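Have a look at the structure below before the remarks.
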Amino acid sequence: MTDITEQENKMEFEDAENEKPVGLALARQEMLDLGNKVSEILVDRVKNLPAQDAWDGEFRKELDARLLESAPENGRSAEAVIDQAANEIMSIALRLAHPRCFGFVSSSPTWISVLADYLAAGFNNNVCTWLVASGPTHLELVVLDWVRGWLGYPESAGGLLTSGSSAATLEAFVAAREFAGNPNQPTVYMSDQTHYSVIRAAKMIGIAPQCIRIVSSDDRFRLDIDELAKAVADDQAAGFSPIIVAANGGTTSTGSIDPLNAIADLCESQNIWFHIDGAYGGFACITEQGKQLMQGVERADSISLDAHKWFFQTYESAVLMVKDLRTLEDTFGMRPDILQDTVWGADHPNIANRGLQLSRTDRALKIWMSVQTFGMAKIRKHVANGMELAKRAEAYIDESAELELMCPVTLSAVCFRFNPSGSSLDEETIENTNRVILARAFWEDRAFFSSTLLRGVFTLRFCIINHDTTWNDVHETLEVIKTFGNEVLDPNHWARFGSCALPVTAENSS
């Protein structure tokens, strides 16, 4: 209720020079020294990242030899522990924030987001109820209201911040099941391009695997609305109860966006819950181009968005928004005796009554601090830059005699393969060639990219969402892919490596 004064800060230790820490406490200067050490490690990592490889990894046996031991009875210096953690553990991983990390859907947090997590960890607030964390709770409401505005949701909307879209989707599906009245033989619908976490969420709310309807997608990998309408009608006629349609606001493989308005029309006419998985593409809505691509998003009953992807935040940071907040509170709201003191009234919500977790970290602070520091104009510019670079890569691939575009670019995912025009290569050779390209890039190049299967066809894939990525990063990586591809097809190339140079194929890649 009152400001923390300088005098209150000094109450515990009046004389820092003579401080004698007890228990698990550390002396003030030691705390500062250790904090500075960690800060220097992290700043050096960020600044040196572009010059390093995007990927590093190690085999389990080697890591066992370094780390597998009984928990020590006696401690050692914190400096040594920090050094080991930074050099022998944390650095042996995919460097997701690397400007040439194009694999999967990466995360490139700002330094402000990192500092906010440090600050939040130090305060260690439990953002469960208004009584326990009034300031952080209110800040979460502020951030949620920002997201509500970006999506075009009505005043009745609300939600909560979650660990990721896997958790957000699960919470949305629980609310959808309750909204439908827990009917017998419930069915859930999604496209053949939908992320597996959505299937898992359906299973977790009790949908039988045979009642999870996988609807085919069209030639641009968008859910086929006619197939969806037919599936719903057939199920209704057979006595099933359709309760959820899950649409894609940017598929993981291709970035394709399902026909949201058409799906909303169907769901509204049949009183079916309409959910959008916007884990990857949801935050594109802050840009004008993204708004156009995501038309109809405001009609969804729920949507999940990952701020640790395209809003440049650290893990774990995601948003679940519902069009009618009451659907969450009616589902998850509890009034246990042990928390009877935390009820402050309607204007002072307890976020724990909106989702799964009672113990909740502060996820709003980093979003709020990032927006306050950089402003939406700058953040919007960097989201748009990812889409612009993807379109530029698409044009480059279209003009290339050696690369083949496998799907039109929608957001920032680029799907392509090495397939020289006029070469008359069979599909097996093309696939094996691209598998070798991927393997060589994995071990030999600074960049990291991944693959997917499109209609069963092995495809290379970039996802460009890093705020530090430039066209030079994209272009040089595409050039490396062409070089590797031409070397694979050169009959003299493998002879230089000897018999140990076995190309990676579908059979020996596992």
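The values are calculated or read from the model by the stated rules, or taken from the named source; none is laboratory data. Worth saying up front: this structure is predicted, and the values here are computed from it rather than measured. Note that we place each Cβ from the backbone using ideal geometry, even for glycine, and neighbour counts take in every protein chain shown. Calculation scope for accessible area: heavy atoms of the full protein, side chains included, ligands and nucleic acids excluded. Shrake-Rupley method; radii C 1.70, N 1.55, O 1.52, S 1.80 Å.
Computed on protein heavy atoms with a 1.4 Å probe, the accessible areas place LYS61, LYS291 in the order LYS61, LYS291, largest first. Modelled this way, with points 7 Å down the Cα-to-C-beta line, the labels at LYS47 and SER134 are 4.2 nm from one another.
Considering only Cα atoms, the convex hull volume of segment 16-113 works out to 147 Å³ per residue.
Per-atom-type breakdown for segment 115-183 gives carbon and sulfur 58% of the accessible area (1.4 Å probe, protein chains only).
Over segment 42-98, the hull volume per residue, using the convex hull of the C-alpha atoms, is 90 Å³. By accessible area, using a 1.4 Å probe on protein heavy atoms only, segment 319-361 has 52% of its surface on carbon and sulfur. Could you list, in their original order, any pairs among LYS291/LYS381; LYS37/LYS61; LYS291/LYS378; LYS291/LYS391; LYS323/LYS381 whose Cα atoms are separated by more than 19 Å? Table pairs above 19 Å Cα-Cα are LYS37/LYS61; LYS323/LYS381.
Compare the Cα positions of PRO109, ILE214, VAL480 along the charge dipole of the chain (+1 at Cβ of Lys, Arg; -1 at Cβ of Asp, Glu; about the Cα centre) and return the one farthest towards the positive end. Projecting each Cα onto the dipole axis, the largest value belongs to ILE214. Seen from ASN125, the other residues with C-beta closer than 12 Å to its C-beta sum to a net charge of 0, counting Lys and Arg as +1 and Asp and Glu as -1. For segment 260-384, dividing the convex hull volume of the Cα atoms by the residue count gives 127 Å³ per residue.
For chymotrypsin sites (Phe, Trp or Tyr not before Pro), no site in segment 143-187 is both called loop by DSSP and has at most 15 other Cβ atoms within 10 Å.
Taking the mean number of other Cβ atoms within 10 Å as a proxy for protection, how do you rank 469-475, 89-95, 23-29 from highest to lowest?
469-475, 89-95, 23-29
Computed packing ranks the peptides 390-403, 189-202 as 189-202, 390-403, most packed first, by mean other Cβ atoms within 10 Å.
In whole percents, the pair-distance distribution calculated for segment 140-288 from its alpha-carbon pairs, binned every 10 Å from zero, is 11, 42, 37, 10, 0.
Against the criterion of solvent-accessible heavy-atom surface with a 1.4 angstrom probe, SER241, SER77, SER256 sort, most first, into SER77, SER241, SER256. Across the options HIS98, VAL142, LEU411, the greatest Cα extent toward the positive end of the charge dipole of the chain (unit charges at beta carbon of Lys, Arg, Asp, Glu) belongs to LEU411. When only the Cβ of Lys, Arg, Asp and Glu is charged (+1, +1, -1, -1), the dipole of the chain relative to its Cα centre reaches about 540 debye. Annotation for segment 312-361 versus segment 417-481: alpha-carbon center distance of 43 Å. Only protein heavy atoms count here; under a 1.4 Å probe, ASP64 has an accessible surface of about 50 Å². Relative contact order of the chain: 19 percent, from C-alpha pairs under 8 Å at least 6 residues apart in sequence. With a Förster radius of 56 Å applied to the C-beta separation of ASP83 and ASP265, the computed FRET efficiency comes to 0.40. How far is the Cα center of segment 191-209 from the Cα center of segment 217-240, in Å? The distance from the Cα centre of segment 191-209 to that of segment 217-240 comes to 16 Å. Counting Lys and Arg as +1 and Asp and Glu as -1 over every other residue whose Cβ lies under 13 Å from the Cβ of ALA346, the net charge comes to -1. Here the chain is described by how far its Cα atoms reach on the three principal axes: 79, 62, 46 Å, from widest to narrowest. When the scattering of segment 234-306 is computed by the Debye formula from its Cα atoms alone, each counted once and equally, what is log10 I(q)/I(0) at q = 0.28 Å⁻¹? Debye intensities relative to I(0), on a log10 scale: -1.27. Loop-located GluC sites (Glu not before Pro) in segment 432-489 (DSSP state other than H, G, I, E, B) with a sparse environment of at most 11 neighbouring Cβ atoms within 10 Å are absent.
Averaged per residue, what accessible area in Å² does the chain show with a 1.4 Å probe, protein chains only?
50
DSSP assigns beta bridges within the chain; of those with both partners inside it, close to 55 percent run antiparallel. Between LEU266, GLY296, THR327, the Cα set farthest toward the positive side of the dipole of segment 260-344 (charges on each charged residue's Cβ, about the Cα centre) is that of GLY296.
Looking at the P(r) of segment 323-363, how many percent of alpha-carbon pairs lie beyond 17 Å?
That tail contains 32 percent of the Cα-Cα pairs.
Among residues other than GLY206 with Cβ under 15 Å from its Cβ, the summed charge is +1 (Lys and Arg +1, Asp and Glu -1).
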